[in-house]
1. At a Förster radius of 35 Å, what calculated FRET efficiency corresponds to the Cβ-Cβ distance of Asn135 and Leu314, to the nearest 0.05?
2. By count of other Cβ within 10 Å, fewest leading, how are Glu94, Glu202 ordered?
3. Test of understanding: ordering Cys77, Cys206, Cys137 by Cβ neighbours within 10 Å, fewest first, what list do you get?
4. If I take R0 = 41 Å and measure r between the Cβ atoms of Gln56 and Asp205 in this structure, what FRET efficiency does the formula 1/(1 + (r/R0)^6) give, to the nearest 0.05?
5. Which whole-Hz ³J(HN,Hα) couplings does the range 107-116 yield from phi under the Karplus relation 6.51 cos²θ - 1.76 cosθ + 1.60, θ = phi - 60°, glycine and proline marked x?
6. Rounded to the nearest 0.05, what FRET efficiency do Glu241 and Thr377 have when you use their Cβ-Cβ distance and R0 = 25 Å?
7. Could you give me the ³J(HN,Hα) list for the range 132-139, computed from phi with Karplus coefficients 6.51, -1.76, 1.60 and θ = phi - 60°, whole Hz, x at Gly and Pro?
8. Distance between the C-alpha centers of the range 250-266 and the range 118-151? Whole Å please.
Amino acid sequence: MSRDCQRSEGRLGDFFNQRQEPGKQGLPVMSVTMNDSLVLRESIERRLESALQPNQHLLVKKDDIAYNMMRMWQGACGLALRDGIVSPAYVVLEPKPSIDSRFAYHWFKSAHMLYLFWAYSHGLTEDRLRLYFDNFCEIPAAPPSLEVQRLIVDVLDPWDRRIEITENLIAAHTKRFASISKLLFEDLGRNRSKWKSLRIEEVADCFSGGTPDRGNKDFFGGDILWVKSGEVTSATISRTEEHLTAAGMKASSARWAPAGSTLLAMYGANAGQVGRLAIRATTNQAVLAIVPHEESVDSEYLYHSIRYAIPSLLRKVQGSGQPNLTAKIIKEHEVLVPERNRQTAIAQIANALRETLDNLEGQLAQLRLQKRGLIQTLLDRQSSEKGYFDLSRLKLQFANLSRFSNGTALSKVRVI
């Protein structure tokens, strides 16, 4: 059963119906993600189990688009590559003949459409915004002809294929990294009596930073690098989004952490993320800097020891809310400290594995950036004189499209 939206010329309701059919037994449960479209729920690491029966879910058919009402304005929608079932909290869109759903999936990620999804969502605050189907229908829309839609899909789909391949490589290398790290540190544990077991506070100085008054513009825009919690990643940190002035640093509890320090995000969704400083920097209060005593422990060995310990540390704080870590928990955690040459050997093996992952994650970030650039070029530029696109110019531009079979080559294509 599909529900037609009241027709309004030049609106999204002209191109989609809402599918409201109950789910069927035997179909896989799918979830919408921000970056990876519609995926099998079982493939998501931190998934929530559902007590709903299949017929309490919504049916999603191949080529439908499902979206998360609360996050559509952030790009939370997915294209169904097969039949499945999804949460009843989603909206399932059934494409009409005048729209190519593969094109619509890319289109819905464009900055212009994301703005409209936000503008037509209802809620008192951003964390309560919801885009209901009736409001979705009212959004102004003027997609190009089906011929142009499919030409655009031929340009953008290769990026999705490269992104998927790179994500699979990252998943495989992450699993390998975790397995080898487990072997390295479990081997130490089996010989625990041979090595010292020391609290982190015994081998490193641990301190968090601070944030100066955001209302004082004289505190920001200087040359002092300032790391925020969301910037702490497994990659080496060599730049920051924001910088403090000397006055801003003096007016806060921000402190310098030297290159080689381990940074650990303590609060919120990023809690447990660990990174390394390649440069001297300060941090905000949600980041714990761990500065090793070089005479006691190798800085890179300590970094990998802390990374390995994060799952057990997070288990200590699992509860009803966000799993927030504290400086006390980190300081009191014990690490095994073998002789220096063994520390160095373990760090070298872990660094080689980590470098492979960092390179792949860098490639993935670049592919996503390239795709966003193409989406901006293809979908956010509109001509008031000639309509959405000049088809003849697009055909000329992509006449040799078959030569551009991968993301690197495609990045050389320029739309006039």
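Read-outs: derived from the displayed coordinates by stated rules, not from any lab. Remember, it's a predicted structure, so these values are computed and weren't measured experimentally. Every residue, glycine as well, gets a Cβ built from its backbone with ideal geometry; the counts of neighbours run over all protein chains shown.
1. 0.35
2. Glu202, Glu94
3. Cys206, Cys137, Cys77
4. That pair, Gln56 with Asp205, gives E of 0.15.
5. Working through the residues one at a time gives 4, 5, 9, 6, 4, 5, 6, 4, 5, 5 Hz.
6. The computed FRET efficiency comes out at 0.50.
7. 6, 4, 4, 6, 4, 4, 7, 5
8. 42 Å
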